[in-house]
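Everything below concerns the one structure shown next.
The values are calculated or read from the model by the stated rules, or taken from the named source; none is laboratory data. Everything quoted here is computed from the prediction, not taken from an experiment. Here the Cβ is made from the backbone with ideal geometry for all residues, glycine too, and neighbour counts use every protein chain on show. Note: areas computed on protein heavy atoms with side chains; ligands, DNA, RNA excluded. Shrake-Rupley method; radii C 1.70, N 1.55, O 1.52, S 1.80 Å.
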Amino acid sequence: MELSDPPKPVTGPMTVDGAEVRPIDHLLQRGDPARPALDGRSGKQTYAELEVTLGRLAAWLAGFGLEKGARVASWIAKGPVAALMPLAAPRAGLVHVPVNPLLKHAQVAHILADSGASLLIGTASRLTTLGAGDVPVGCRLHREDDAACAMSGGEALEPSDAGSDDLAAILYTSGSTGRPKGVMLGHGNLWLGAVAVADYLKLTAEDRTLCVLPFSFDYGQNQLLSTWFAGGCVYPLDYLTPRDVVKSVDRRDITTLAGVPPLWVQLAELDWPEEVAAKLRRLTNSGGALTRPLVAKLRALFPQADLYPMYGLTEAFRSTYLPPALVDSHPDSMGSAIPHAEILVVRLDGSVAGDDEPGELVHCGPLVAKGYWRDEARTAERFKPAPAASRYGGMAVWSGDTVRRDGQGLLYFVGRDDAMIKSAGNRISPTEIEEAAVAVEGVAEAVALGVKDERLGQAVLLLLRSASPELKGEVEARLKAELPNFMQPREIVMLSEFPRNPNGKIDRVALAKEYAA
């Protein structure tokens, strides 16, 4: 295929939930061939050029002669290869397993063994960290440079004819509880995720997305897919400091930026030139709730940008979002269901909870993943038949998160069942304590943990990240004024930094091991 060749016409599109669904590797064919699709240190490529590059990478992968459905892992930094692997592996009939570049050899070894990967593509420096016992028998190693070279010339593989339920990717969770588990995603899951997000974010071909989140993270991968569905341009960035983000927004005229709360905390602490902040049209958040003080800071720093708080879980990709128009009036809300998702709040008996009655969030519909890879036991715990009230039926994701729905249909997070603190017969949501603490000016982040207590069962330990140790007394006073006695911390510990997991979230497991053991 030459650059001048028109894309192969797509025939026989599938329909899921009333929406047209194509194999995920057809995504680039939606864009204007002459418009930029990918830009960065490796240069700019239009949709037509990137489609050819994609075909060449897929042909290179197909050349290994692996059986259909074989797993191909990638352990590389952001760039053209990393950006195209989610499309190239499925085009070659393979299943992509992205590995977070920040992981170490032992974690990578687990993912390779668990997924049964037949091929690992990595940077030379990363591959050298792997020992003989880290690589499963039959798994071949290839450098990222080989893949990049293959994309520069040669034959291009034609678009696939994969079905909606055909496996396209296995994304490994960050492993906050136990070893990471692989979530199986089909072509339809990835395609509809792109459709849904492009829809409610109102993305267009004029948009430019700065991709700062890891592509191994479902939220990070969707930065690419939703922007390409809308015909926009993506700019992958492996940033070293938050100031690199500010510089890139300025240099690239970025309109869309996705982040997690710890990143927003860092970005909100910087001085943003007014003309640079004005370039951003939308900010999106997932991976944890935004606190009221942080929402206020972001609204003040970026008055021209729409702010989209969102809630999701890898097993169902994304569940809810809060429209920007409701952020100021309902800053604590998770919003309501995204397109192609049905969100129910259910009681223990499976019936739908009433307004303002806490219940478990259950996600139904075509965004629900295919379960955990080679793990029937854990799949059965999380993936269960949908409640009788579901209009979809089939399998649903029972999140384990307790939420409530108000009379307007807006959802509010209460807490995770496995994170709730049980003290003197009371079930305490760590989130409620944390939000009260960060409302104190100067407290950047807070984590509430349950610690063993002979009298109470568990007592509350509150960890605060702040540059001002003297704020401890102010936080104690606010909590006494705002929270009931049974929610008061037994101890408050001030820290200068919190540990992070590979996705940039606060590593609560590490904090619990150190401070709540």
Starting from the Cα of Lys44, draw a straight line to each of the aspartates and glutamates and keep only those under 16 Å, dropping any in the same chain fewer than 8 residues away. Asp32, Glu206, Asp207, Asp253
Surpassing 22 Å at the alpha-carbon level, of the pairs Lys202/Lys370; Lys78/Lys104; Lys279/Lys505; Lys104/Lys513; Lys181/Lys505; Lys181/Lys384, are Lys202/Lys370; Lys279/Lys505
Take the Cβ-Cβ distance between Glu274 and Lys202 as r, set R0 to 25 Å, and report the resulting FRET efficiency rounded to the nearest 0.05. 0.55
If each Cα of the range 301-399 is one equal point scatterer, what is log10 of I(q)/I(0) from the Debye formula at q = 0.14, 0.22 Å⁻¹? -0.58, -1.13
Sticking with the crude label model, points 7 Å out along Cα→Cβ, report the distance from Lys68 to Thr15 in nm, one decimal please. 2.5
I'd like the accessible area for Ser226: 1.4 Å probe, protein heavy atoms, all chains in place, Å² to the nearest 10. 10
Using r as the Cβ-Cβ distance of Asp32 and Arg391, and R0 as 30 Å, what FRET efficiency do you calculate, to the nearest 0.05? 0.25
Determine the percent antiparallel among the DSSP beta bridges restricted to the chain, to the nearest 5. 60
Dimensions in Å of the range 175-325 - Rg and Dmax from alpha carbons: 14.9, 45
Quick check: Cα centre of the range 500-517 to Cα centre of the range 360-381, how many Å? 25
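Taking the range 237-310, which GluC sites (Glu not before Pro) meet the DSSP loop condition and have no more than 15 other C-beta atoms within 10 Å?
Glu269
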When the convex hull of its Cα atoms is projected in every direction, mean area for the chain (nm²): 24.0
With +1 on the Cβ of every Lys and Arg and -1 on the Cβ of every Asp and Glu, and nothing else charged, how large is the dipole of the range 25-65 about its Cα centre, in debye rounded to the nearest 20? 100
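How big is Rg to Rh over the range 345-499, alpha-carbon atoms, Rh as the Kirkwood inverse-mean-distance radius?
Here the Rg-to-Rh quotient is 1.06.
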Pairwise over distinct Cα atoms, reciprocal of the mean inverse distance: report the Kirkwood radius of the range 202-276 in Å, one decimal place. 12.7
So if each residue of separation counts as 0.36 nm, and I subtract the Cα-Cα distance between Asp165 and Ala439, what length gain in nm does that give? 94.1 nm
Taking the Cα centre as origin and putting +1 on Lys and Arg beta-carbons and -1 on Asp and Glu beta-carbons, what dipole magnitude results for the chain, to the nearest 20 debye? 660
Using the charge dipole of the chain (Lys, Arg: +1 at Cβ; Asp, Glu: -1 at Cβ; taken about the Cα centre), state which of Ser466, Gly288, Ala73 has its Cα farthest towards the positive end. Ala73
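Taking the range 374-450, which trypsin sites (Lys or Arg not before Pro) meet the DSSP loop condition and have no more than 12 other C-beta atoms within 10 Å?
Those satisfying the criteria are Arg391.
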What is the diffusion coefficient of the range 64-155 in µm²/s, taking the Kirkwood radius over Cα pairs and the Stokes-Einstein relation at 10 °C with a viscosity of 1.306 mPa s? 120
Per residue accessible area in Å² of the chain, where ligands, DNA and RNA are left out and the probe is 1.4 Å: 42
Sort out for me the Cα centre separation of the range 294-343 from the range 34-63, rounded to whole Å. 32
Over the chain, what percent of the accessible surface lies on carbon and sulfur atoms, probe 1.4 Å? 50
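Once a ≥ b ≥ c are taken as the square roots of the eigenvalues of the Cα gyration tensor of the range 115-239, is the result rounded (a/c under 1.5), prolate (a/b larger than b/c) or oblate (a/b not larger than b/c)?
prolate
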